[in-house]
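Presented below is the structure to which this report refers.
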């Protein structure tokens, strides 16, 4: 008898684009028990594919595997259950990469009856994959070459004659293998990081369309209704709920500026006197026209904005949220909210990650300002802070791999290969550009960036707020423990296929998820039981990365982390190098890894 | 007094909690595709998110289109006798709002019956943004009426200080109705 009565279809779909064939594989209890779902399934599948290829995978080669996996809680009647993972070996880092997407794509994929989908190979021509319950077809679509994400999504729906089909597509950037190309669904929900869009592009996949009708298996429906409705009620009564529905993550701009962690001028400053021009209030006063939410989420953090006047008039975009407002705003010295909306729209349509884009354009501006780059390097066209026309041009050049954009499209690693003189001003870890939180005032955040498996991304362990608010007298042990706890609990959200925001932002208790998972699968688990699985998963990811060449030297935050902040509320703050070394050593020790960061799990 | 469901598309975020709440309560099944209310989304020109659900029409086109006469009205709620339904979907085609739904597992079309006329539709209860309301019939049209009335008024604005705080007040100056004489006489 199987151990779980709900939560799983117990089926994985394998697609080979080279041959155009597909098959399903049944999954057993052990696989489910060890890896839970979502990112967990993805990592195990990538691990197996790596072994099959003798430990060597070219991220843009046909042998690389793309895994799309929602979790056992995706689409279930509970708050914010609309997430799924896109994972692969990242063309940005050469290591494990994944990105989580909101919206409704994951729900649809599960309703088609699959716990995960793997794709290898390369189609002979640009095509889209159509997963229609148990029918899988590969549809050539040369007519969509170069088309933006919005148009692609609409045209595929028209083609299939069904407005409700879910489509995850790439823009021209993915086709051009830009190392930070994203996958976009539900018009503007992105799996933004680690360049999964380029992996799709390398396989000649323009989009994955999916339609599913099946019931999501839930073991104890009545219990799920009871727990979830209590949860919805608690969230609805939270005193910050109104603020969330109005501003979403845009409220973080003021918070980050007040705390002194708002990236400004390529992370040189962490506080900006013009931040009021790019905050949530400015958005509400002049641009917001609607809310949007992922599946099952009462927080509706998505902001739909319209530029009503000026040179970008007519621009509609879903977004920005905090990361985009900071990376395309303060980090580039752009204080015109309409320009941020324009940049957001271009990135979504062309299919590039706003974090990496804002990060690398800032490098160009600072590099030119400091004479590390010449006018020739910039194709004879200078660029300065806040120069929104030139910044929009650069965004397009990146996606189209034209002029200087062709170098920026290679990501932090490619930029440094061509211009090694920029090494002190490119903020990245393992080749992934840093997210929009400065970490000099909170060394746990520096450790979080340094040890993150995918590179300098904030969602693996967002400890900066907690340390700044409560950690003035923390020793290194508390910091290391917090980072490890976050890396485990947050992995769990990605394994379940749910959003972390009700937990981190509205104080929703993590035990709730263990309880719900137990009722959905029909077997009792405590949060601690599940965290052990999360820890095992982190070890496995580390083993994948070590196998692919990662070492201790890749576990350090960007160089700028060790240079003091010179202004704002955290003026004078810096991450101390000795403290970092001690934290890193303790981190390895607590994880049971050796002094060089090698895990005790066979890497063969 | 009859009540029915009203939707306010401007408030809808597209989260589909209404769909899943409907399916899980009515059928004990976690499947938004088996809901009797669905959110239709249009983007980006224009941006619209709108729950579409039965209006319980007085002259119900679904009812008159049914070839086997199994759609009937009870206390103002339009319902389907499942036994006699032949699954031809003529009612689905006939609904001018597209508010009846079909799922491959179920022969009888899915149609809102106000949660079996229980007085508390689950979609209304669970909507987190107040986009789905359950209102007495006579309230329908009030919002349009108010907007229409307001469009005739001559709004003015004054700024003043109250307890040291700057405030604004909008008011209709009925004395200064420029160019519009409501008495029928000459000004």
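General remarks:
Rundown of residues vs (1) closer than 30 Å to residue A:597 by Cβ; (2) assigned to a helix (DSSP H, G or I), yes/no style:
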| site | (1), (2) |
| --- | --- |
| A:505 | no, yes |
| A:515 | no, yes |
| A:528 | yes, yes |
| A:532 | yes, yes |
| A:537 | yes, yes |
| A:541 | yes, yes |
| A:544 | yes, yes |
| A:549 | yes, no |
| A:572 | no, no |
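- When each of A:338, A:436, A:406, A:399 is tested for being modelled with pLDDT of 95 or more, buried (at least 18 other Cβ atoms within 10 Å of the Cβ) and more than 20 Å from the chain's Cα centre (by Cα), the lone residue that passes is A:338.
- Members of region A:185-227 that are in a helix (DSSP H, G or I), surrounded by 24 or more Cβ atoms within 10 Å (Cβ to Cβ) and within 11 Å of chain B (Cβ to nearest Cβ): none
- Qualifying residue in region A:32-43 (condition: surrounded by fewer than 21 Cβ atoms within 10 Å (Cβ to Cβ), in the same structural domain as residue A:125 (by TED's automatic domain parsing) and in contact with a strand residue (DSSP E or B) (Cβ under 8 Å, 6 or more places away or on another chain)): no
- Within region B:47-61, not a single residue is within 14 Å of chain A (Cβ to nearest Cβ), at pLDDT 95 or above, surrounded by fewer than 16 Cβ atoms within 10 Å (Cβ to Cβ) and assigned to a loop (DSSP other than H, G, I, E, B).
- Among the residues of region B:113-125, the ones that are part of a helix (DSSP H, G or I) and at pLDDT 95 or above come to 6 in all.
- The one condition from (1) under 16 Å from residue B:11 (Cα atoms); (2) within 14 Å of another protein chain (Cβ to nearest Cβ) that residue A:284 does not meet is (2).
- Boolean, residue A:364 is away from chain B (no Cβ under 14 Å) and modelled with pLDDT of 95 or more: yes
- Taking the listed residues B:37, B:20, the one that is without any contact (Cβ under 8 Å) to a residue 24 or more places away in the chain, crowded, with 24+ Cβ neighbours inside 10 Å and within 19 Å of the chain's Cα centre (by Cα) is B:20, with no other qualifying.
- Of all residues in region B:126-174, those satisfying the criterion of being in contact (Cβ under 8 Å) with a residue 12 or more places away in the chain and either within 14 Å of chain A (Cβ to nearest Cβ) or assigned to a loop (DSSP other than H, G, I, E, B) (or both) are B:126, B:127, B:128, B:129, B:130, B:131, B:132, B:140, B:153, B:154, B:173.
- The condition (being in contact (Cβ under 8 Å) with a residue 12 or more places away in the chain, crowded, with 18+ Cβ neighbours inside 10 Å and closer than 23 Å to residue B:49 by Cα) is satisfied by just one residue among A:168, A:181: A:168.
- Residue A:271 vs. criteria touching a residue at least 24 places away in the same chain (Cβ under 8 Å), surrounded by fewer than 22 Cβ atoms within 10 Å (Cβ to Cβ) and away from chain B (no Cβ under 12 Å): yes
- Taking region B:1-46 as the range and being within 7 Å of chain A (Cβ to nearest Cβ), part of a loop (DSSP other than H, G, I, E, B) and within 11 Å of residue B:123 (Cα to Cα) as the test, only B:16 passes.
- Among the residues listed as A:314, A:242, the single one being closer than 30 Å to residue A:171 by Cβ, within 12 Å of chain B (Cβ to nearest Cβ), surrounded by fewer than 18 Cβ atoms within 10 Å (Cβ to Cβ) and out of contact with any helix residue (DSSP H, G or I) (no Cβ under 8 Å at 6 or more places or on another chain): A:314
- Test: residue A:233 is farther than 30 Å from residue A:119 by Cβ, surrounded by fewer than 17 Cβ atoms within 10 Å (Cβ to Cβ), within 12 Å of another protein chain (Cβ to nearest Cβ) and in contact with a helix residue (DSSP H, G or I) (Cβ under 9 Å, 6 or more places away or on another chain): no
- Among (1) within 16 Å of residue A:99 (Cα to Cα); (2) buried (at least 24 other Cβ atoms within 10 Å of the Cβ); (3) out of contact with any strand residue (DSSP E or B) (no Cβ under 7 Å at 6 or more places or on another chain), the one test that residue A:454 misses: (3)
- Test result for residue B:72, more than 20 Å from residue A:165 (Cα to Cα) and either within 12 Å of chain A (Cβ to nearest Cβ) or more than 20 Å from the chain's Cα centre (by Cα) (or both): yes
- Cross-chain or 6+ apart pairs with Cβ under 7 Å, region A:587-604 first and closer than 15 Å to residue A:536 by Cβ and in the same structural domain as residue A:543 (by TED's automatic domain parsing), then loosely packed, with under 12 Cβ neighbours inside 10 Å and modelled with pLDDT of 95 or more: none
The values are calculated or read from the model by the stated rules, or taken from the named source; none is laboratory data. The structure presented is a predicted model; accordingly, all values stated were derived computationally and were not measured. FYI the Cβ positions are ideal-geometry reconstructions off the backbone, even for glycines, and counts take in every protein chain you see.
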